[in-house]
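Shown next, in structure tokens, is the structure this report addresses.
The values are calculated or read from the model by the stated rules, or taken from the named source; none is laboratory data. Note that this is a predicted model, so its numbers are computed, not measured. Because the Cβ atoms are built from the backbone with ideal geometry, glycine has one as well, and the counts that use them run over all protein chains shown. We work out accessible area using only protein heavy atoms, side chains counted, and drop any ligands, DNA or RNA first. Shrake-Rupley method; radii C 1.70, N 1.55, O 1.52, S 1.80 Å.
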There are 2 protein chains.
Amino acid sequence: MTMTNEAEPAPSKGRRLQRGALSRDAIVSAAVQILDEHGLNGLTFARLGKQLGASPTAMYRHFSSREEILIAVADELVRQSIDGYVPAVSWLDSLRDLAYRAWRTFERHPAAAAQTYHLLTGGPNELRVVDAILAALHQAGWRGEAAVKQYHMYSQFVLAVSGSHAAQVAQDDTGSSVASTWVQEYRPARPEDYPYVSAVREELRSIDFFEVYVGLVDALLSAMAAQAPAAKE
Amino acid sequence: MTMTNEAEPAPSKGRRLQRGALSRDAIVSAAVQILDEHGLNGLTFARLGKQLGASPTAMYRHFSSREEILIAVADELVRQSIDGYVPAVSWLDSLRDLAYRAWRTFERHPAAAAQTYHLLTGGPNELRVVDAILAALHQAGWRGEAAVKQYHMYSQFVLAVSGSHAAQVAQDDTGSSVASTWVQEYRPARPEDYPYVSAVREELRSIDFFEVYVGLVDALLSAMAAQAPAAKE
DNA sequence: TGACTTAGTCAATAGCGTTCACTAACTTGT
DNA sequence: ACAAGTTAGTGAACGCTATTGACTAAGTCA
């Protein structure tokens, strides 16, 4: 369960792997690394095998399908996001911290995030995050059903926005031509049909997506603060 | 460019297809239908061919890759979202309407939405939407760079949240076991470790995601209203 | 009519996830 | 210590996928 960068076994060719060589954690770690290096569609059993110096089909002794590996990757990202988190004194700061942690983790592993952020892991790390969020909402004064609604608003928002940004970054990394459409294509053939686009065409080019994220988080949190039962910020 | 439900050509076997039989629109329409019926990974060239009564490879005369088809599907969803839209008197109502339109379109075609909502089409329909949003922001008093930032906040938010909900719905439709984790798995082995989860375990089960979305849209729009240069609601 | 263009077809290819029978390393009971 | 049993890793095979290039025939135009 440690998942620190253990020295990967050299992909020695031909030799049969030792018996305890593979493990769920080792496979998950390799999967994240492969997604980082090879992008969105880079995660294949063949590559996993090569990376771990094992047969491609060896993974099936630890996972029963590719999707199960992805779920484990999702849980690993959740773990990386929550590890080291300590609640702040203000529940607003806690939620802001958690939101930024998700963003940063997804930014570090865009391809892994893109493939997994919409999956529910049901694992212990997910529970840790859910509990941390609910704790902050409890501090804000929400209880029961109301707390659950706020929880879903917050978590759907954080996962969706961070995750879909990761998906766009990962898409860009593939160089799949879809990427830089923003820069190139916003010159409509008939500008007079799209007056407002034409008016800000230049500004549309440069975007700092994290700044946009910060603005969205601020918007959500200030709306939550305005509705929170406990007035004590 | 009409894309109404034209009577699909009967998948006549063996016969060669007439010359003008295929078109980009017919293929896109078939693709959406296939995604609706067969779910997330259901869109294949083989199925497209069968659906249209054509050879699987015939698509390559109209699109140069699978991804190009998906981009066209994305543009079709944008078209369905924006078609029939008329700006409201209040810019807030306009933005709310556009947000709900995206949600409803994505809900009608969850698999298609899940595969395409993070793609930028660069097509005319996308421009129509961008212009509509910028028009509302203009009415609110934003100009230039500030308008662009608000635009990105709004559009990122709407696409991400509606889209990732569609992805979850589509995932559920596959019956891939990940789906109903919410209902089943939120019984931690050691409840004392997750006190807040345990406290609301029952309430976590039932979620009306549209209600959550409405709450999020309200939060964003009220935050925007508070910052809008033009005070005239 | 004959040359040309092009939409649809057919066969082939490389890569994918997954399955299954097999093998060899380790564990356990005596 | 040795036999029996379990199981992690292997290698060959299968069916499905997107994509390609050569072929064919329908249509256009001089």
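Placing dummy labels 7 Å off each Cα toward the beta-carbon, the span from B:Glu68 to A:Ser65 is 3.3 nm.
Under the definition of Cα pairs under 8 Å and six or more residues apart, what whole-number percent is the relative contact order of the range B:74-161?
38 percent
When the Cα gyration tensor is reduced to axis lengths a ≥ b ≥ c, the ratio a/c is 1.5 or higher for chain B, and with a/b not above b/c it is classed as oblate.
The chain A residue nearest the rotation axis shared with chain B, using its Cβ and rounding the distance to whole Å, is A:Ala160, 2. Can you tell me the orientation of helix A:24-38 relative to chain A, as the angle in degrees between its alpha-carbon axis and the longest Cα principal axis, to the nearest 10? In chain A, helix A:24-38 runs at an angle near 60 degrees to the longest axis.
For B:Val86, inter-copy separations between label points set 7 Å beyond Cα along the Cβ vector come to 6.0 nm, shortest first.
Summing charges over neighbours of A:Asp208, with a neighbour being any other residue whose Cβ is under 13 Å away from its Cβ, gives -2 when K and R count +1 and D and E count -1. Label-point distances for A:Glu37 to the equivalent site in the other copies, using a point 7 angstrom along Cα→C-beta, read 4.3 nm when ranked shortest first. Would you look at the GNM of chain B, springs on alpha carbons closer than 10 Å, and say which of B:Leu43, B:Leu127, B:Leu92 moves the most? The residue with the greatest mean-square fluctuation here is B:Leu127.
For the peptide A:119-131, the mean number of other protein chain Cβ atoms found within 10 angstrom of a residue's Cβ is 5. Report, in whole Å, the centroid distance computed from the Cα atoms of the range A:123-138 and the range A:32-89. Comparing the Cα centres of the range A:123-138 and the range A:32-89, I get a distance of 22 Å.
Starting at the first residue of the range B:53-70, write each ³J(HN,Hα) from the Karplus equation 6.51 cos²θ - 1.76 cosθ + 1.60 with θ = phi - 60°, in whole Hz, x for Gly and Pro. Values, residue by residue: x, 10, 6, x, 7, 4, 4, 5, 7, 10, 9, 8, 6, 4, 4, 5, 5, 4 Hz. Against chain B, whose longest principal axis comes from its Cα atoms, helix B:209-227 is set at around 60 degrees.
Here is how far apart the B:Asp97 label points are across copies: 4.4 nm, shortest first, using a point 7 Å from Cα toward Cβ. Measuring with a 1.4 angstrom probe and ignoring ligands and nucleic acids, B:Phe210 comes out at about 80 Å² accessible. How far is helix A:124-139 tilted off the main Cα axis of chain A, in degrees rounded to 10, range 0 to 90? Helix A:124-139 and the main axis of chain A meet at about 20 degrees. Between B:Val86 and B:Glu145, the simple spin-label model (points 7 angstrom out along Cα→Cβ) gives 3.8 nm.
With R₀ fixed at 22 Å, the C-beta to C-beta distance from A:Ser206 to A:Glu107 puts the FRET efficiency at about 0.75. Each Lys or Arg adds one and each Asp or Glu takes one away; over the other residues whose Cβ falls under 9 Å from the Cβ of B:Pro110, this sums to -3.
List the relative contact order of chain A as a percent without decimals, with contacts defined as Cα pairs under 8 Å and 6+ residues apart. If you can, show how the numbers build up before the last one.
On the way: 224 pairs, mean separation 44.8, N = 233.
Computed value for chain A: 19 percent relative contact order.
For the protein assembly as shown, the number of Lys pairs with C-alpha atoms closer than 25 Å, counting only pairs eight or more positions apart or on separate chains, is 4.
Counting Lys and Arg as +1 and Asp and Glu as -1, what is the net charge of the other residues whose Cβ lies under 13 Å from the Cβ of A:Arg101?
On the way: positive: A:Arg79, A:Arg96, A:Arg104, A:Arg108, A:Arg128; negative: A:Asp83, A:Asp93, A:Asp97, A:Glu107.
Result for the neighbourhood of A:Arg101: +1.
Calculated mean residue ellipticity at 222 nm for chain B: -19500 deg cm²/dmol, from DSSP H runs with n ≥ 4 weighted as -39500 (n - 2.57), summed, divided by the residue count and rounded to 500.
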